Amino acid sequence: MIRCLAVAVVACALGGPAAAHKLVVFASTDCEMVLVEAKFSNGNAAQQGEVRVLDGQNTVLTTLALETGGTAQIALDKVDHSEGLVIEVDTGGHDNYWILTPEDIARNCGS
Amino acid sequence: MKRHMLCTTLAGCLAATPLFAHYGMIIPNDPMISQEDGRSVSLQMSFSHPFEMDGMMLETPVAFSVTREGETSDLLGDLQSATLMDEQGYTLDYPIDRPGTYIFAMEPQPYWEPAEDAFIIHYTKTYVTAFGDDEGWDTELGLKTEIVPLSKPFGLWEHNVFQGIVKMDGEPVPYAEVEVEYFNEGGDVTAPDELMITQTVKADADGVFTYAPPSDGWWGFAALNTADYTLPQDGEDKAVELGAVIWVHFEEWTGQ
């Protein structure tokens with residue numbers, strides 16, 4: 001399911017702006033919080049943007065604003081992550097995503 | 001075996017042998033790891049004549065490391081012994097947990113080459129980008145000798161030029177000689193003349209060289225200089241060839 005979702009997200013991403021200043025999105029978890037990081041390919045952190053958190057069924061679980069410094073945090077136990085999470089970041093001019101797979105989560109939760 | 005395809009006589013084969021260039025090799029399974037590819041990269045380390053697919057023994061390296069965002073980690077103890085091109089080599093599966101450019105570097109033990117009456121030490125490296133983040137692609141590691149890329153050393157189309165600066169002890173080497181060779185992994189490329197196996201270009205006065213490969217695949221660039229020291233062999237002091245080697249993958253052009 002998470003792979004199907006990824007295809008849809010990729011299709012959206014390809015329709016976006018050119019990649020001269022590509023947005024790099026990454027998310028990780030320490031098993032308590034999900035840390036979202038967004039920066040441009042020149043190394044500068046994204047200063048603003050919307051973060052959308054989706055589950056494996058392509059359902060938006062929550063949205064929040066990107067903080068200055070290009071980060072955002074979500075409590076892992078506040079979202080259904082049983083099928084992984086898709087983290088989309090949209091700065092208005094650029095967007096991209098990261099898939100936090102069930103394996104990624106399990107690895108950092110010591111299981 | 002493939003060498004024979006290029007030779008018409010035994011004498012020709014014997015005479016040609018010294019022409020083949022030695023290369024330290026670090027070849028990843030993919031120079032651009034996307035998140036869909038997984039969370040690791042697999043590396044193969046060897047010493048060979050790469051066009052000929054002619055392996056030579058790679059002793060346990062003196063050093064093997066990865067550098068990312070200015071931090072270098074020692075990976076020497078993680079290398080796994082393996083047979084590559086019918087000779088001793090090493091492999092490594094390295095977990096990647098964050099985006100960025102990972103630079104893998106190897107310093108081998110001095111290799112005694114009787115045919116050249118010299119030792120060979122090839123400081124070898126390759127750049128792997130992960131998860132869409134190419135920051136750090138132009139990183140200089142500060143090796144004894146190295147090629148510092150001026151072209152991003154991954155994501156190049158075939159026929160693009162690759163440019164780099166040859167450095168020794170951190171300083172550009174004017175007019176350095178750079179040997180270029182294709183990793184003939186499938187063994188299906190033949191050279192119409194032995195002189196075409198190893199291409200040679202020279203750097204300019206600032207140590208900058210340029211090369212455009214004729215095809216996609218892995219291409220090795222080796223800038224060769226003689227060390228300012230010698231090593232003993234059979235009671236004599238012998239010259240040491242220092243090679244700055246970088247492996248770069250060129251991608252197949254997908255346009256019409």
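The values are calculated or read from the model by the stated rules, or taken from the named source; none is laboratory data. None of these values were measured; they are calculated from a predicted model. In this analysis, Cβ positions are derived from the backbone assuming ideal geometry, glycine residues included, and neighbour counts consider all displayed protein chains.
For A:Leu85, are the conditions met, namely being within 14 Å of another protein chain (Cβ to nearest Cβ), closer than 19 Å to B:Asp97 by Cα and surrounded by fewer than 18 Cβ atoms within 10 Å (Cβ to Cβ)? No; evaluated as a whole, the condition is false for this residue. Going residue by residue through segment A:48-67, is there one that turns out to be within 14 Å of chain B (Cβ to nearest Cβ) and modelled with pLDDT of 95 or more? Checked segment A:48-67: no residue is within 14 Å of chain B (Cβ to nearest Cβ) and modelled with pLDDT of 95 or more.
Conditions tested, residue by residue: (1) at pLDDT below 95; (2) farther than 20 Å from B:Phe221 by Cβ; (3) not in a helix (DSSP H, G or I).
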| site | (1), (2), (3) |
| --- | --- |
| B:Met5 | yes, yes, no |
| B:Ala16 | yes, yes, no |
| B:Met25 | no, no, yes |
| B:Gln44 | no, no, yes |
| B:Phe47 | no, no, yes |
| B:Ser73 | no, yes, yes |
| B:Ser81 | no, yes, yes |
| B:Tyr90 | no, yes, yes |
| B:Asp93 | no, yes, yes |
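What is the number of the single condition among (1) at pLDDT below 95; (2) farther than 28 Å from B:Lys152 by Cα; (3) in contact with a strand residue (DSSP E or B) (Cβ under 9 Å, 6 or more places away or on another chain); (4) surrounded by 13 or more Cβ atoms within 10 Å (Cβ to Cβ) that A:Arg107 does not meet? With respect to (1) at pLDDT below 95; (2) farther than 28 Å from B:Lys152 by Cα; (3) in contact with a strand residue (DSSP E or B) (Cβ under 9 Å, 6 or more places away or on another chain); (4) surrounded by 13 or more Cβ atoms within 10 Å (Cβ to Cβ), A:Arg107 is out only on (3).
Does A:Gln73 count as out of contact with any strand residue (DSSP E or B) (no Cβ under 7 Å at 6 or more places or on another chain), polar (S, T, N, Q), at negative phi and away from chain B (no Cβ under 14 Å)? So A:Gln73 fails the test.
Looking across B:Arg98, B:Arg68, one residue alone is surrounded by 16 or more Cβ atoms within 10 Å (Cβ to Cβ) and either within 18 Å of B:Thr126 (Cα to Cα) or modelled with pLDDT of 95 or more (or both). It is B:Arg68. Would you confirm whether any residue within segment B:70-81 is touching a Gly at 6+ places or on another chain (Cβ under 6 Å) and either among the hydrophobic types (A, V, I, L, M, F, W, C) or closer than 30 Å to A:Leu85 by Cα (or both)? No, segment B:70-81 has no match at all.
Selection within segment B:124-180: residues that are of a type in the set (Phe, Trp, Tyr), in a strand (DSSP E or B) and buried (at least 19 other Cβ atoms within 10 Å of the Cβ). The member of this set that is nearest to the other protein chains (Cβ to nearest Cβ) is B:Tyr127. Just so you know, in segment A:59-75 the residues that are under 13 Å from the mean Cα position of the chain (by Cα) and not in a strand (DSSP E or B) include one that is nearest to A:Ala38 (Cα to Cα), and it is A:Gly70.
Flag: A:Glu67 matches the condition of being surrounded by 15 or more Cβ atoms within 10 Å (Cβ to Cβ) and over 22 Å from B:Gln35 (Cα atoms).
Within segment B:131-158, the residues that satisfy the criterion of being out of contact with any Ser or Thr (no Cβ under 7 Å at 6 or more places or on another chain) and hydroxyl-bearing (Ser, Thr, Tyr) are B:Thr145, B:Ser151.
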